[in-house]
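Accompanying notes for the structure given below.
Nothing in this text is a laboratory measurement; each read-out follows from the coordinates by a stated rule. Quick caveat: nothing in here was measured; it's all calculated off a predicted structure. Glycine also receives a Cβ, built like all others from the backbone with ideal geometry; neighbour counts cover every protein chain displayed.
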Amino acid sequence: MNNRNFERAMDLFSALIVGEEVSKRTGKNADLYDAYTSNAEVNEILDTMLKKLGLKLYDSNESLFVSAGDHNRVFGFSNEELKRMMGLRLNKELYLCYYIIYNVMTMFYHSSASYTYLEYVKCEDVIEAVSASLKNVTDKINLLARNELEESSFELLAITWDEQPVIGKEDAAVRASRGSKAGYVKTAFNFLISQNLFAEAQERYYPTERFHALMRHYFEEERGRLFEMEQALMMEGEKEDAAY
């Protein structure tokens, strides 16, 4: 192994792990990006280190990003850690934020090849999307749920969401809270901003390049349970349309 290549791989690993931008497009750490794309040994060393630590590397738009894989206890978050970070107390509140985040994702992507070309979203857009999505799921929950536990879980999410006012009575502006639909959406967006997935300006939320990189790979690689249910709903909708 060439010592110089090992050092470059370590420099690249260090930059990625602390959240520095590594991009040829913007010029930030462009030399490290070039080392990864043009030097096979640097590429191999970095990929080996990341795999050993359960991390995934994404190359998108001449920029590199890392993300923790599933059940990564070192670089990922447990439910308890997420609740503390987001100011939540109960699992149902956390799962509601998960659901909100998933709906934010699908406002931009339905698959790796179906970007909707939205420039930004606003809180009220997300509230409308979540309300419509939960109604669609609960209306057809008997067809979608794998078991009674899953059925009751989605019903609890819908109840938790529906019992919230759109905005808190004392809120002059939308703020993160557990007291309103807008508060839950703001909580979810604050988390996304902290992870460099969104940027906010004048109550508009813009996806970052990191968001786009992760979303393209999510629909190609992960395809979790919510994705499966959304696809099932789409198929049911197509069947109903065909019947007419």
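Computed quantities for the displayed model
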| read-out | value |
| --- | --- |
| Length released on extending from Ala68 to Ala199, taking residue separation times 0.36 nm less the Cα-Cα span | 45.1 nm |
| Nitroxide proxy distance, nm - points 7 Å out along Cα→Cβ at Met10 and Glu119 | 4.6 nm |
| Whole-Hz ³J(HN,Hα) from phi, Karplus 6.51 cos²θ - 1.76 cosθ + 1.60, for the range 75-82, glycine and proline x | 9, x, 10, 7, 4, 5, 5, 5 |
| Modelled label reach - Thr208, point 7 Å along Cα→Cβ, the range 3-45 residues with backbone N closer than 12 Å | 18-22 |
| Convex hull per residue volume in Å³, alpha carbons only, for the range 1-61 | 76 Å³ |
| Long-range HN-HN contacts of Val22 with modeled amide H, under 5 Å | Leu64 |
| Sites Ser38 and Asn136, calculated FRET efficiency, Cβ-Cβ separation with R0 45 Å, nearest 0.05 | 0.40 |
| Stretch gain in nm, segment Glu128-Asn91, where the contour uses 0.36 nm per residue and the Cα spacing is subtracted | 11.0 nm |
